[in-house]
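S.K.: The structure follows.
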Amino acid sequence: MTPGAPEQSSTTLPNTGRPRHVAIIMDGNGRWATARHLPRVAGHSRGVDAVRAVIEASITHGIEYLTLFAFSSENWRRPADEVSMLMRLFVNSLQRQIEALVRNGVRLRVVGQIEAFEPRLQELIARAQERSAHNTRLNLTVCASYGGRWDILQAARRMALDCAQGTSFPDDEAAFAPYLSMAFAPDPDLLIRTGGEQRISNFLIWQMAYAELYFTEVLWPDFQPEAYTAALAWYAQRERRFGLTSDQLHRVG
């Protein structure tokens, strides 16, 4: 766990210091299963339960945006049987959970190279996004077949096409950002990575410039609301300076 991160079991937080946007790298499903002498699919299936719990906890804590890294562009390199299993799990999860998401006011978006998925999964994604499009309680984004470098490259291509048609070349970051796949959301305030690794693994590399990074040894299937609350409490203690000094922040405040 990040040094100094408080261990908390409370399920509520004060309003001060609450992140608006939380992003999570859900790592450790395979190791969770291996440690229990189970097939890797068991870890991924248990991980779906953790997703459900974190969505519910995000609503409880008043988080506006929750972004989950479900399947990276690099994950296509995994064994074919595991990739196939993950795709089936994605299909089953969408079919089973969309009703609950809609009922609980959650808007679902799936971001990434969606065209790489089989047509049935693409159709399910489109249908789920359409059904939840008017919800506002929580903006849930699932990054699937996604990579941060791909995101920047596709944004640059789209920008170049616009410029070729007469649009002025962007002269600052704010003008480029709308071309990114997460343009509908503010940049993440807090990144949580489970499973003990301490890297961002090509996830939202443009958007993560000023995120607070929280790493925990807890494997994703074991990441329960109490662990999530601990991460949010750690964030609440951080001083976010955005290039300023502490004195400058205090004078502004």
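The values are calculated or read from the model by the stated rules, or taken from the named source; none is laboratory data. Note that the structure is a prediction, hence the values are computed from the model and not measured. Please note: Cβ atoms are built from the backbone with ideal geometry, for glycine as well, and neighbour counts cover all protein chains shown. Protein only, heavy atoms only, side chains kept; ligands, DNA and RNA dropped before computing areas. Shrake-Rupley method; radii C 1.70, N 1.55, O 1.52, S 1.80 Å.
Residues are listed down the side, and each one gets a yes or a no for (1) open to solvent by 40 Å² or more (accessible area, probe 1.4 Å); (2) of a type in the set (Asp, Glu):
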residue: Arg149; (1), (2): yes, no
residue: Gln154; (1), (2): no, no
residue: Met159; (1), (2): no, no
residue: Asp162; (1), (2): yes, yes
residue: Asp171; (1), (2): yes, yes
residue: Phe176; (1), (2): no, no
residue: Leu190; (1), (2): no, no
residue: Arg193; (1), (2): no, no
residue: Ile200; (1), (2): yes, no
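S.K.: Could you grab me the full set of residues in the range 52-105 that are of a type in the set (S, T, N, Q), modelled with pLDDT of 95 or more and outside any loop (DSSP other than H, G, I, E, B)?
M.R.: Once the filter is applied, which keeps residues that are of a type in the set (S, T, N, Q), modelled with pLDDT of 95 or more and outside any loop (DSSP other than H, G, I, E, B), the range 52-105 yields Ser58, Thr60, Thr67.
S.K.: Identify, please: which residue in the range 58-84 is open to solvent by 10 Å² or more (accessible area, probe 1.4 Å) and among the aliphatic types (A, V, I, L, M) and is, among those, nearest to Phe203 (Cα to Cα)?
M.R.: For the range 58-84, the residue satisfying everything is Ala70.
S.K.: Can you tell me which residues in the range 210-227 are assigned to a loop (DSSP other than H, G, I, E, B), of a type in the set (Phe, Trp, Tyr) and surrounded by 19 or more Cβ atoms within 10 Å (Cβ to Cβ)?
M.R.: Phe223
S.K.: So, in the range 106-139, exactly how many residues are surrounded by fewer than 17 Cβ atoms within 10 Å (Cβ to Cβ) and either touching a Leu at 6+ places or on another chain (Cβ under 7 Å) or part of a strand (DSSP E or B) (or both)?
M.R.: 1
S.K.: Related question: For the structure I just gave you, tell me whether Asn92 is open to solvent by 30 Å² or more (accessible area, probe 1.4 Å) and touching an Asp or Glu at 6+ places or on another chain (Cβ under 9 Å).
M.R.: It is false that Asn92 is open to solvent by 30 Å² or more (accessible area, probe 1.4 Å) and touching an Asp or Glu at 6+ places or on another chain (Cβ under 9 Å).
S.K.: Going by what's in this entry, would Gln207 be described as polar (S, T, N, Q), surrounded by 13 or more Cβ atoms within 10 Å (Cβ to Cβ) and more than 23 Å from Arg20 (Cβ to Cβ)?
M.R.: So Gln207 does not fit the description; no.
S.K.: Evaluate the following for Val41: is it open to solvent by 30 Å² or more (accessible area, probe 1.4 Å) and within 25 Å of Ala231 (Cβ to Cβ)?
M.R.: Here the answer is no, as Val41 does not meet what is asked.
S.K.: If a residue has to be within 12 Å of Gln207 (Cα to Cα) and outside any helix (DSSP H, G or I) to count, how many in the range 148-183 make the cut?
M.R.: Residues flagged as within 12 Å of Gln207 (Cα to Cα) and outside any helix (DSSP H, G or I) within the range 148-183 amount to 4.
S.K.: Further, regarding this structure: Taking Arg18 as the residue in question, decide whether it is surrounded by fewer than 18 Cβ atoms within 10 Å (Cβ to Cβ), in contact (Cβ under 8 Å) with a residue 12 or more places away in the chain, assigned to a loop (DSSP other than H, G, I, E, B) and more than 15 Å from the chain's Cα centre (by Cα).
M.R.: Spelling it out, Arg18 is indeed surrounded by fewer than 18 Cβ atoms within 10 Å (Cβ to Cβ), in contact (Cβ under 8 Å) with a residue 12 or more places away in the chain, assigned to a loop (DSSP other than H, G, I, E, B) and more than 15 Å from the chain's Cα centre (by Cα).
S.K.: So which of Arg238, Arg251 ends up being at pLDDT below 95, in a loop (DSSP other than H, G, I, E, B), farther than 30 Å from Gln122 by Cα and open to solvent by 40 Å² or more (accessible area, probe 1.4 Å)?
M.R.: Criteria check complete, one pass: Arg238.
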